[in-house]
Amino acid sequence: MRDAAHGPGTGPPHSGVAVRCAVRERREAAGLSVSALAAQVGLSRQALSRVESGAAVPGTRQALLLARALRCRVEDLFSLGAAHVPARVPPGTPPGTRVRLADVDGAWQALPLSGEAGLRLTADGVLLASGAVEVPGSLDDARRTALVAGCDPALGLLCTALAEARAAWVPGASLDAVQAAARGEVHAAGLHLGSLARHREVVARDLPGARLLRLWHAEQGLILAPGNPLGVRGPVDLTRGRLVTRPVGAGGRALLDGWLREAGLDAAAREARHAASRLAPSPLEAAAAVARGEADVAPGPRSAAGVYGLAFIPLVVEAFDLAVPERHLAHPGVQALIAAAGSGAFQADLRSLGGYDPAGAAPALLDGL
């Protein structure tokens, strides 16, 4: 990620806010020369020219005198421009991209708003060619925004259910999500790697000191074309057809590897099957490949199959846990995420996706790390 240097403990850096000056426009509209206006307000011609060019900002008295002479308000002459905020931006993000911002450990993280989902979200600013983000308004919402990484599609639903703060979903494989949290790029990481013991192992190794919270359980299985034209019954049939795989480090990749083992493939054959398969960075993109007819079967949750009206064979129910570094537990966005996950309204909506079972009345901290 592109990064701008800033001092520790200073909070997210600002590069300053420009002051827009409309003195020249008002003076010309009034039919006054630079010399005539300068004489009225007690400035030299050179000093007024510097004000009009934006090279200098007048003091309070001169600003009031300028407003009186030009028969307008001070705010008609001078206004704050957009702030330029240094931010970490995903590589390859083009200038002009709308972004949301979040403060993670005193640095601004920029989340590009792309695709159809981006059209439904309000942006905090626009990425400039310099790598900074131009922010025309307040950053209050950005300071209360939590970033949560993970691959479960229900995270997107959860991030829209907050009442008191704001959260944004950063799609990514489970291990990638934990590593993003370790690098200080997100506040929390979602995990589904088969068992609580595995989650504890990963957190102890990559994100020591983080706390685990149980959010929900989700059905995982095989996503198939409508009507299941290949007659897939389970893992035994994964040796045929066009397969979608997931990146190393994704929960779906670990599940698929286990199912290929059940189908009788040894380590070398499994690796060859993965290498010959279409790689999808997320469960939703895996399901989309099946829906487009580019693959016959993909691993993923029932919810991803439901989005595209696809057939689904459930094979296992997995727990989905959230790893939160201790320092982020009190973040308003993280607190709002936890509260929303335990709300009746969200849990009813979660069940409506199909294949989900909420963890309980409120996400519980899992002791024993």
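The values are calculated or read from the model by the stated rules, or taken from the named source; none is laboratory data. Here the structure is a predicted model, which means the values were calculated and not measured. Don't worry about glycine lacking a Cβ; one is built from the backbone with ideal geometry, like all the others, and counts go over all protein chains shown. Ligands, DNA and RNA are stripped out before the accessible areas are found, and what is left, the full protein with its side chains, is counted by its heavy atoms. Shrake-Rupley method; radii C 1.70, N 1.55, O 1.52, S 1.80 Å.
Data overview
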| read-out | value |
| --- | --- |
| Unit charges on C-beta of K, R, D, E only; dipole of segment 291-359, Debye | 140 |
| Protein accessible area in segment 130-225, 1.4 Å probe - carbon and sulfur % | 49 |
| Point-charge dipole on Cβ atoms (K/R +1, D/E -1) for segment 99-153, about Cα centre, debye to 20 | 60 |
| Relative contact order of segment 121-220, defined on C-alpha pairs under 8 angstrom at six or more residues apart (%) | 21 |
| For the chain: accessible area per residue (Å², 1.4 Å) | 45 |
| Computed [θ] at 222 nm, deg cm²/dmol, the chain (DSSP H ≥ 4; -39,500 (n - 2.57); rounded to nearest 500) | -9500 deg cm²/dmol |
| Residues S195 and A269, FRET efficiency given R0 of 35 Å [Cβ-Cβ distance, rounded to 0.05] | 0.90 |
| Pairwise FRET efficiency - A330 versus R73, Cβ, R0 = 41 Å, nearest 0.05 | 0.45 |
| Listed residues A67, A132, A83, most fluctuating in the chain (Gaussian network, C-alpha, under 10 Å) | A67 |
| Segment 231-328, relative contact order in percent, only Cα pairs under 8 angstrom and at least six apart counted | 30 |
| D349 paired with R205, simple spin-label distance in nm, labels 7 Å along Cα-to-beta-carbon | 3.5 |
| Gaussian network model of the chain, springs between alpha carbon atoms under 10 Å - residue of R240, R24, R88 with greatest fluctuation | R24 |
| Relative contact order of the chain, pairs being alpha-carbon contacts under 8 Å that are 6 or more residues apart, as % | 17 |
| Radius 11 Å from Cβ of D206, net charge of other residues (Lys, Arg +1; Asp, Glu -1) | 0 |
| Read-out Rg and Dmax of the Cα atoms in Å, derived from the coordinates shown; its label in (i) 27.0, 92; (ii) 20.2, 66; (iii) 21.7, 68 | (i) |
| Principal semi-axes in Å for segment 125-239 [√(5λ), Cα gyration tensor, largest first] | 33, 20, 14 |
| Antiparallel bridges, percent of DSSP beta bridges restricted to the chain (to nearest 5) | 80 |
